[in-house]
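Every read-out reported here was derived from the displayed coordinates using simple, explicitly stated rules and does not represent laboratory data. Given the structure is predicted, the values throughout are model-derived calculations rather than measurements. All Cβ positions, glycine included, derive from the backbone under ideal geometry; neighbour counts span all protein chains shown.
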Amino acid sequence: MYIVRQLLDSMNSELLFESAEQKGVRCSFTLHLQLAAEQELEQVFVESFAASEEGRQRTVLIVDDVAITREMLYELLAGYDYNPLICSSAAEALIMLREYPVDIIVTDQVMPGMDGWDLLRNVRKEWPQLAILLYSAKPPQRPRDLANSLDFDGCLLKPASSAELLAKLGQLLS
């Protein structure tokens, strides 16, 4: 009991006891937690080795301001026969889209400068049929001024399993 109390004290919580006559004691606690920042995530995806679809050299543009995320997604997709391209910002992604034919975009939501929603707006203007997958550590936080007709083609929360990520890509590319 002492160790549990120490742990809860370190998280600004306390152990509560409620006794019920001849039924024992009920212990409970409440934790007030914050979402981890994307840079604090230890994994970008969870490798499941259950992928059933190969990329057939389709080009995926990975847009994320966190280097480890870009690198891990690049390695995963290259290993499954995709042709991944990486960039660290939405502005850079728009430049790359003018230079390289891309089959799908995988983008983060929260990035400095232009975010994933800004990228979505711009891509829909110039490449309205291009599929865009939101791959974010936070649930989608749609800007109030965004037209209801604009939306990502799919969404996954980090860290998704590699099978989920590859299945979503396969679904959006079919």
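Mind sorting out which of [x] 18.3; [y] 16.2; [z] 20.9 is the real Kirkwood radius over Cα pairs in Å computed from the coordinates?
It is the value labelled [x].
Treat every Asp and Glu Cβ in the chain as -1 and every Lys and Arg Cβ as +1, leave all other atoms uncharged, and give the resulting dipole magnitude about the Cα centre to the nearest 20 debye.
Around 440 debye, computed over the chain.
How large is ³J(HN,Hα) for each residue in the range 18-24, as worked out from phi by the Karplus curve 6.51 cos²θ - 1.76 cosθ + 1.60 (θ = phi - 60°), to whole Hz, x for Gly and Pro?
9, 9, 10, 4, 6, 10, x
Quick check: residue separation of ASN12 and ASP145 times 0.36 nm, minus the Cα distance between them. What number comes out in nm?
44.1 nm
If amide H atoms are built 1.01 Å from N in the plane of the peptide, which residues on other chains or at least 5 residues away come under 5 Å of the amide H of TYR82?
Result for TYR82 returns GLY55, GLN57.
Would you mind checking which residues have amide H under 5 Å from ALA160's amide H? H placed 1.01 Å from N; only 5 or more apart, or other chain.
Amide H neighbours of ALA160: VAL46.
Applying the Karplus parametrisation 6.51 cos²θ - 1.76 cosθ + 1.60 with θ = phi - 60° to the phi angles of the range 146-162, what ³J(HN,Hα) value in whole Hz is obtained for each residue in order, glycine and proline being reported as x?
Once θ is set to phi - 60°, the couplings for the range 146-162 become 7, 4, 4, 6, 9, 7, 6, 6, x, 8, 9, 9, 6, x, 7, 6, 4 Hz.
When the chain is treated as a GNM, springs tying every alpha-carbon pair under 10 Å, which of MET111, MET96, MET11 comes out with the largest mean-square fluctuation?
Sorting by GNM fluctuation, first place goes to MET11.
Rank by packing, highest mean first: peptides 137-144, 120-127, with packing defined as the count of other Cβ atoms within 10 Å averaged across residues.
Listed from highest to lowest mean packing, they are 120-127, 137-144.
For the chain, with a Gaussian network of springs between Cα atoms less than 10 Å apart, report the residue from VAL60, VAL102, VAL25 with the top mean-square fluctuation.
VAL25
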